[in-house]
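The values are calculated or read from the model by the stated rules, or taken from the named source; none is laboratory data. Values in this document were obtained by computation on a predicted structure and should not be read as measured data. All Cβ positions, glycine included, derive from the backbone under ideal geometry; neighbour counts span all protein chains shown.
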Amino acid sequence: MNNNLKNEIDQIPQQGKKKPGGITELISTVFWAGLIIVVVRCLLFAPFNIPSGSMIPSLLIGDYIFVSKYSYGFSKHSFFFSQPDFKGRIWYTPPQRGDVVVFRSTKAPFDYYVKRLIGLPGDTVQVKDGVLYIDDQPVKRRLDGPYTYQESLNESDLTENLYTEYLPRKDGSIVEHKILQSMNSPCGQDLVCEGDINPNYTIPYHVPADHFFAMGDNRDHSADSRFNNPDTSNYLGFVPIENLIGKVQFIFYSYDSKYPVWQFWHWPEEIRWNRLFKSVK
């Protein structure tokens, strides 16, 4: 028999065999892909979206942000399922005043907030006539002019005063960032005074150990640590150290809902191209 013909006959059974892989390989691929996603989300970065205007102008409704989970170490809330026996934080690095952070609410554990850290453990924080005081010292700010924005589709425009605020850090450096404050009402245009709490005329808040004082940059439209009465609807109070999720790093996507979602031909113009991959300070 011709040697070439014999070689072809010998190869016929081999060609009929199934290649290794199949369902086993698929399961393995899905498992490892899922494991990588879990590790990245628990230990490195997690995405969040901004649903409210409490951090305008730093963060806008429709912004999607990446939060670094490792910035302050890890707590029981760093994982998909909270570990009740896990106390405190491991590999802890203290946050700095002025950091924009994501944290879990103490009143509603499955709610996440994004705010700016204003007060550190041991600080005394107070607001007098709308001006922020830290340890009895007024925080410097500069009036930049009016700022007009629309919180969501079909809502009327809001106009606030835009300020540049200069937050001092423990190391002597300054965090320069923008804030908004109402031009009219001492309680803001839609943030009502509750009980004896007026967000622009507060009592001194003494930040306890292992806690932080957080505020929104949109000062009159933010329910934050100024509301420390658990009986009020805006209650947030001090932020426990273990409730910190991470530090906001940058905006990876942003869109402005100007049109109904079914008008897909407007989608490209709703993307805020100038905010993509913008760092948050």
>> Quick check on the stretch 136-162: of everything there that is in contact with an Asp or Glu (Cβ under 6 Å, 6 or more places away or on another chain) and not hydrophobic (A, V, I, L, M, F, W, C), which residue is modelled with the lowest pLDDT?
In response: Gln150
> For Lys247, all conditions in the list (1) at pLDDT below 95; (2) among the charged types (D, E, K, R); (3) buried (at least 17 other Cβ atoms within 10 Å of the Cβ); (4) within 18 Å of the chain's Cα centre (by Cα) hold save one; what is the number of the exception?
Replying inline: (1)
> Exactly one of (1) modelled with pLDDT under 95; (2) not in a strand (DSSP E or B) is unmet by Pro47. Its number?
Replying inline: (2)
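Select from the stretch 138-161 the residues that are within 20 Å of Tyr201 (Cβ to Cβ) and either part of a loop (DSSP other than H, G, I, E, B) or free of Cβ contacts under 8 Å to residues at least 12 places away in the same chain (or both) and list them in ascending order. First the steps, then the outcome.
Keep residues of the stretch 138-161 that are within 20 Å of Tyr201 (Cβ to Cβ), which gives 138-141, 143, 160-161.
Selection gives Pro138, Val139, Lys140.
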> Out of all the residues in the stretch 103-110, is one or more touching a residue at least 12 places away in the same chain (Cβ under 8 Å), among the polar types (S, T, N, Q) and touching a helix residue (DSSP H, G or I) at 6+ places or on another chain (Cβ under 8 Å)?
Replying inline: yes
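Can you find even one residue in the stretch 226-238 that is on the phi > 0 side of the Ramachandran plot and either in contact (Cβ under 8 Å) with a residue 24 or more places away in the chain or over 19 Å from the mean Cα position of the chain (by Cα) (or both)? Give the steps one after another, and end with the answer.
To start, the set of residues in the stretch 226-238 that are on the phi > 0 side of the Ramachandran plot comprises 237.
Filter once more, keeping what is either in contact (Cβ under 8 Å) with a residue 24 or more places away in the chain or over 19 Å from the mean Cα position of the chain (by Cα) (or both): 237.
The answer is yes; a qualifying residue exists.
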> So Pro208 clears everything in (1) closer than 24 Å to Phe110 by Cα; (2) surrounded by fewer than 22 Cβ atoms within 10 Å (Cβ to Cβ); (3) at pLDDT below 95; (4) not β-branched (Val, Ile, Thr) except one condition, right? Which one?
Replying inline: (3)
>> Being under 15 Å from Tyr205 (Cα atoms) and of a type in the set (Asp, Glu) is the filter here; which residues of the stretch 107-137 pass it?
In response: Asp123, Asp135, Asp136
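Among Ser233, Ser257, which is the only one that is of a type in the set (S, T, N, Q), loosely packed, with under 14 Cβ neighbours inside 10 Å, under 21 Å from Pro51 (Cα atoms) and modelled with pLDDT under 85? Before you say what the answer is, go through the steps one by one.
Details: Ser257 fails: loosely packed, with under 14 Cβ neighbours inside 10 Å.
None of the other options fit; the residue is Ser233.
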> So which residues in the stretch 89-102 are crowded, with 18+ Cβ neighbours inside 10 Å and either among the aliphatic types (A, V, I, L, M) or without any contact (Cβ under 8 Å) to a residue 60 or more places away in the chain (or both)?
Replying inline: Val100, Val101, Val102
> In the stretch 55-98, what residues are modelled with pLDDT of 95 or more and either touching a His at 6+ places or on another chain (Cβ under 6 Å) or among the acidic types (Asp, Glu) (or both)?
Replying inline: Asp63
>> I'm told Gly130 meets every condition in (1) at positive phi; (2) modelled with pLDDT under 85 except one. Can you identify the failing condition by its number?
In response: (2)
>> If I ask for residues that are part of a loop (DSSP other than H, G, I, E, B), farther than 15 Å from Val207 by Cα and in contact with a Lys or Arg (Cβ under 9 Å, 6 or more places away or on another chain), which ones from the stretch 231-249 would you list?
In response: Asn234, Tyr235
